[in-house]
Amino acid sequence: MSDTRNLDLYPYLKSMVEADRCAVVICNLKHEIIYMNPAAVTRYVKWGGAALLGKSLLDCHGPASRERIRKIVDWFAQDQEHNRIYTSYNSKENKDVYMVALREENGSLIGYYEKHEYRNRETEMFYKFDK
């Protein structure tokens, strides 16, 4: 692994997440939504879109889901090796959904996000530059 301590990765990581076609919603340990990429804003527009920033993710879920989210975050906090957990399969969109821990360099838990992994094969042509 390369040494990135003196490199400001923020613009690279921000650009990477903002270009992602999958929704990315990042929460802090108070379950506040602190970031939504453009795909997330679009995906959750009928629930408020960008207006969800600063709100509690827990308010977007029912009681059973809220309890699961709290349990997962507690599990993340128990061990630095607890970083990803499979939460569901969405058959309508043919995707797997995970919750992923976000940590400081020293391993301290600082938040979490939901990761979507689609199973569908890409239909776009290879190296299509004419867009």
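Scanning the stretch 13-38 for residues that are farther than 27 Å from E67 by Cβ and either in contact (Cβ under 8 Å) with a residue 12 or more places away in the chain or open to solvent by less than 30 Å² (accessible area, probe 1.4 Å) (or both) yields a total of 5. Checked against the criteria, Y86 counts as touching an Asp or Glu at 6+ places or on another chain (Cβ under 9 Å) and either of a type in the set (K, R) or open to solvent by 50 Å² or more (accessible area, probe 1.4 Å) (or both). Within the stretch 89-131, the set of residues being open to solvent by less than 50 Å² (accessible area, probe 1.4 Å), assigned to a strand (DSSP E or B) and either farther than 16 Å from I34 by Cα or in contact with a helix residue (DSSP H, G or I) (Cβ under 7 Å, 6 or more places away or on another chain) (or both) comprises N90, K95, D96, V97, Y98, M99, A101, L109, Y112, H116. Of all the criteria given as (1) in contact (Cβ under 8 Å) with a residue 40 or more places away in the chain; (2) over 16 Å from A23 (Cβ atoms), the one not satisfied by Y113 is (2).
Set side by side, the residues L7, L13, L58, L52 differ, and just one is over 17 Å from Y118 (Cβ atoms) and touching a strand residue (DSSP E or B) at 6+ places or on another chain (Cβ under 6 Å), which is L52. The set of residues in the stretch 52-83 being exposed (fewer than 12 other Cβ atoms within 10 Å of the Cβ) and in a helix (DSSP H, G or I) consists of D59, P63, A64, K71, D74, Q78.
The values are calculated or read from the model by the stated rules, or taken from the named source; none is laboratory data. Quick caveat, the model's predicted, so the values are computed rather than measured. When we count neighbours, we look across all protein chains shown, and the Cβ atoms used for this are built from the backbone with ideal geometry, even at glycine. Side chains included, ligands, DNA and RNA excluded: accessible areas come from the protein's heavy atoms. Shrake-Rupley method; radii C 1.70, N 1.55, O 1.52, S 1.80 Å.
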